[in-house]
Amino acid sequence: VVTIIASLTEDGGAIANWSAVLSSPDMWLAFRNNVIWLLVGTGGSVAIGLFVATLVDRVKREALAKTFILLPLAISMVGASVIWKFVYAWTPEGEQQIGILNEVWTWLGNEPVPWLQVPPLNTFALIVIMIWLQTGFAMVVLSAALKGVPNEAIEAARMAGAGEPTVFFRIVIPMIKGTLIAVATTIAIAILKVFDIVYVTTGGRFETEVVANRMFQEMFVFRNFGQASAIAVIRFIAVVPIMVVNIRNLRRQGIGS
């Protein structure tokens, strides 16, 4: 027993690796950023996707409108990161701005902003990339769910004197609740695995570190295989509750039961 405990606590042992990971300021920064990604990225993708799905459901050229929103989903995360890296590009004041965002920003009379170098602004700038990619997915799935809401229920609510906001939040939203949960959990899992966006744009510098990038750094840069394994286990543990919620939601809808 003493030998086993000694092997676990010595340098490179399992307990030592977990202790090193959980006591690292960089790791806690990654945890904090991942929580921000989960809340803002998931909420933003679902909210914008639902908003767009509701709008395009009322336009004549619905398919064309959906195509433009869905197009970013066809781009890989690396490709999207490269595109947005040019959007966020920054050069010192007085020089020609090659980034679209800074070009517009300086045209309005402001000083150029290093969007990817100023925390916590840079973290939210990276989350925008994920929202841009995932909004199309959320829109398509939620649009299908909205079409499945019975018109009779909506008309009955309107005849009872309910306004459009009341109909939407009291009738429509409860009826598509299962789809909302499925979309949110799917996007949340994708966000928990986010690596490409951070690695391509900032490499985890300027306080943009996330758990997946930290695992990559420990594994391939610092060659700390034990700590990288511990981080991988943490990622797995974080995904499990979301998967449980997703499975229970599907069973409530009669899928996979």
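Using 0.36 nm per residue, how much length does the chain from residue 111 to residue 19 gain when fully extended, once their Cα-Cα distance is taken away?
The span from residue 111 to residue 19 would gain 28.7 nm if fully extended.
For the chain, what is the charge dipole size about the Cα centre, in debye to the nearest 20, if Lys and Arg each add +1 at the Cβ and Asp and Glu each add -1 at the Cβ?
Here the chain has a charge dipole of around 1060 debye.
Rounded to the nearest Å, what's the spacing between the alpha carbon centres of the stretch 157-213 and the stretch 92-112? Just the number, please.
That distance is 32 Å.
In degrees from 0 to 90, rounded to the nearest 10, what is the angle of the helix 121-147 Cα long axis to the longest principal axis of the chain?
In the chain, helix 121-147 runs at an angle near 40 degrees to the longest axis.
Roll a 1.4 angstrom probe over the protein heavy atoms and tell me the percent of accessible area of the stretch 69-214 that is carbon or sulfur.
Carbon plus sulfur share of accessible area: 67 percent.
What is the spin-label model distance, in nm, from residue 189 to residue 235 if the labels are put 7 Å beyond Cα along the C-beta direction?
In this crude spin-label approximation the distance works out to 1.5 nm.
Whole number in Å², please: accessible area per residue of the stretch 23-98, 1.4 Å probe, ligands, DNA and RNA not counted.
With the other protein chains kept in place, the stretch 23-98 gives 60 Å² per residue.
Could you work out how much longer the chain between residue 26 and residue 68 gets when fully extended? Use 0.36 nm per residue separation minus the Cα distance between them, nm to one decimal.
11.3 nm is the gain from fully extending residue 26 to residue 68.
How far, in degrees from 0 to 90, does helix 225-252 lean away from the longest principal axis of the Cα atoms of the chain, to the nearest 10?
Orientation of helix 225-252: about 20 degrees from the principal axis.
Please find the FRET efficiency linking residue 221 to residue 155, where r is the Cβ-Cβ separation and R0 is fixed at 51 Å, and quote it to the nearest 0.05.
0.25
Starting from 0.36 nm per residue, how many nanometres of slack lie between residue 86 and residue 250 once their C-alpha separation is accounted for?
55.0 nm
Relative to the longest principal Cα axis of the chain, at what angle does helix 77-87 sit, 0 to 90 degrees, rounded to 10?
80
For residue 35 and residue 205, FRET efficiency with R0 = 22 Å and r from the beta-carbon atoms, rounded to 0.05?
Numbers: r = 20 Å, r/R0 = 0.89.
With R0 = 22 Å, the Cβ-Cβ based efficiency is 0.65.
Work out the charge dipole of the stretch 110-241 with +1 on the Cβ of Lys and Arg and -1 on the Cβ of Asp and Glu about the Cα centre, then indicate which of 175, 134, 162 is farthest towards its positive end.
Final value for the positive-end residue is 175.
Across the Cα atoms of the stretch 133-257, what radius of gyration and what greatest pairwise Cα-Cα distance (Dmax) are found, in Å?
According to the Cα coordinates of the stretch 133-257, Rg and Dmax are 20.5, 67 Å.
State the three equivalent ellipsoid semi-axes of the chain, derived from the C-alpha gyration tensor as the square roots of 5 times its eigenvalues, in descending order and whole Å.
Semi-axes (√(5λ), whole Å): 39, 29, 14.
The values are calculated or read from the model by the stated rules, or taken from the named source; none is laboratory data. No experiment lies behind these values; they were computed from the predicted model shown. Neighbour counts are summed over all protein chains in view; Cβ atoms, including those assigned to glycine, are modelled from backbone coordinates with ideal geometry. To get the accessible areas, we keep the full protein, side chains included, count just its heavy atoms, and leave off ligands, DNA and RNA. Shrake-Rupley method; radii C 1.70, N 1.55, O 1.52, S 1.80 Å.
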